Amino acid sequence: MADMQQVVLARYCEGAPVPDDFRLENAGLPEPKEGQFRVAHVWCSVDPGTRSRLSGGDSYAMALPLGKPVDGFSVGIVEASQNADFPVGTKVFCAGGWKTHSIQSGRGFIGKVPDAPVPLSAWIGVLGVPGLTAWFGLKTVAKFREGDAVLVTSAAGPVGATAGQLAKAWGASKVVGIAGSDAKCDFLTREAGFDAAINYKTETDLTAAIAAQFPKGVDVLFDNVGNDMVNRVLPLMALNGRICISGQVADYNLTPEQTPGIVNTKPFITHRVNMQGLVVFDFAREFPEALQTMAGLLASGKLKSNEERFDGITAMPEAFCGLFRGENFGRRVVRVGEEK
């Protein structure tokens, strides 16, 4: 029997993850039972939100036990099936983990890849959880309204870039992104259609730079960074402003004692600001409509997406660790198999 390869958690992460926190293992190729099917993964993702499970303590998801495969999303092809709804040859996206293969049952986060003129890897990127997070975070959590002035942090990442572009497509009066390099800022304004972008690494007074872009205040803050950024922007919010907490990439590696607090709380009263987070799977019933719309935007060129592609499952730990060094420019995906 052929082998399956998988990357498991070798030791709990302390601070920023490093490749030695993970281990590559070979395992027997699993056979599907009645109602199940086996997916041969072609692409797997690395996701910053996974970090919250890797320190041994529970967050919004249970801690990952040592020796277990790391979570991630995959897109691939059904190669063995005992499920009539998913015959051999069906292309699917799923929560397959950092593995070359997975057994699926057709329940949970699983879907057939529609016939659309977009790359297969897009179904775990702009058409996967990152894109869905942007869609529902902006539309449902932040209650986006036409004419809103929107600030997006970590804006060159797959969630932020999608959120900003959706805001423009839905009629935002202004969309400004914060990113960590001139190249990322150029992508946001030249390709992704943002009205302006701020390089937080070179800006001498970030708060003043944000305030200058929003003389009437920020209607929507779509934050992917963490408490320090939220605390900075709160005094700049407009009346009835909304904050969507989409991610906390700057805080994932911190202990509770190290995590910055939010002290600028007066705007919650004076400006009636609302702040809410999301777990995108809460909106699973509405995924198909959102995906269909975004696939059309992507195919037509109205939605831009950057991908960083890595080859081989052995590249997954380093691809993941680089997320926390700020090296990524767009969605990081790893090719672990061949598209047939």
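The values are calculated or read from the model by the stated rules, or taken from the named source; none is laboratory data. Model, not experiment: these values are computed from the prediction. Positions of Cβ are generated from backbone atoms using ideal geometry, with glycine treated the same way; all protein chains shown enter the neighbour counts. Keep in mind that these areas ignore ligands, DNA and RNA; they rest on the heavy atoms of the full protein, side chains included. Shrake-Rupley method; radii C 1.70, N 1.55, O 1.52, S 1.80 Å.
List the longest stretch of the chain that has no exposed loop site; here a site is one of the GluC sites (Glu not before Pro) assigned by DSSP to anything other than H, G, I, E or B, with at most 16 other Cβ within 10 Å. The answer is 35-145. Residues whose amide H falls under 5 Å from that of Val225, counting only those 5 or more places apart or on a different chain, are Gly247, Val249, with hydrogens built in the peptide plane. Sequentially through region 327-338, phi angles give Karplus couplings (6.51, -1.76, 1.60; θ = phi - 60°) of 7, 6, 10, x, 6, 9, 10, 10, 7, 10, x, 10 Hz, Gly and Pro residues having no value and appearing as x. DSSP bridge analysis restricted to region 145-275 gives an antiparallel fraction near 0%, rounded to the nearest 5.
Once you compute Rg and the Kirkwood Rh from C-alpha atoms, what is the Rg to Rh ratio for region 240-340? Could the numbers behind the result be given before it?
Working: Rg = 18.7 Å, Rh = 17.7 Å.
Looking at region 240-340, the ratio lands at 1.06.
Extension gain, Arg145 to Ala80: 0.36 nm times the residue separation minus the Cα-Cα distance gives 18.8 nm.
Using a 1.4 Å probe, what is the accessible area per residue for the chain, in Å²? Spell out each step's value before the answer.
Details: 15170 Å² over 340 residues.
Ligands and nucleic acids excluded, the figure is 45 Å² per residue.
Per the 1.4 Å probe, what fraction of the accessible area of region 169-287, in percent, lies on carbon and sulfur atoms? Carbon-and-sulfur percentage of accessible area, whole number: 50. For chymotrypsin sites (Phe, Trp or Tyr not before Pro), the sites in region 3-97 that DSSP calls loop and that have at most 11 other Cβ atoms within 10 Å are Tyr60. At the residue level, Met229 shows approximately 20 square angstrom of accessible surface with a 1.4 angstrom probe and all protein chains present.
With a cut-off of 8 Å between alpha carbons and a minimum separation of six or more residues, what is the relative contact order of region 262-340 in percent? If you can, show how the numbers build up before the last one.
Details: 46 pairs, mean separation 20.0, N = 79.
It rounds to 25 percent for region 262-340.
Taking every DSSP bridge with both residues inside the chain, close to 55 percent are antiparallel.
Could you work out the per residue convex hull volume over the alpha carbons of the chain, in cubic angstrom?
Given the Cα convex hull of the chain, per-residue volume reads 130 Å³.
For Lys68, nonlocal amide neighbours, meaning residues 5 or more places apart or on other chains whose placed amide H falls under 5 Å from its own, are Leu9. The relative contact order of region 26-158 comes to 24 percent, based on Cα pairs under 8 Å that sit 6 or more residues apart.
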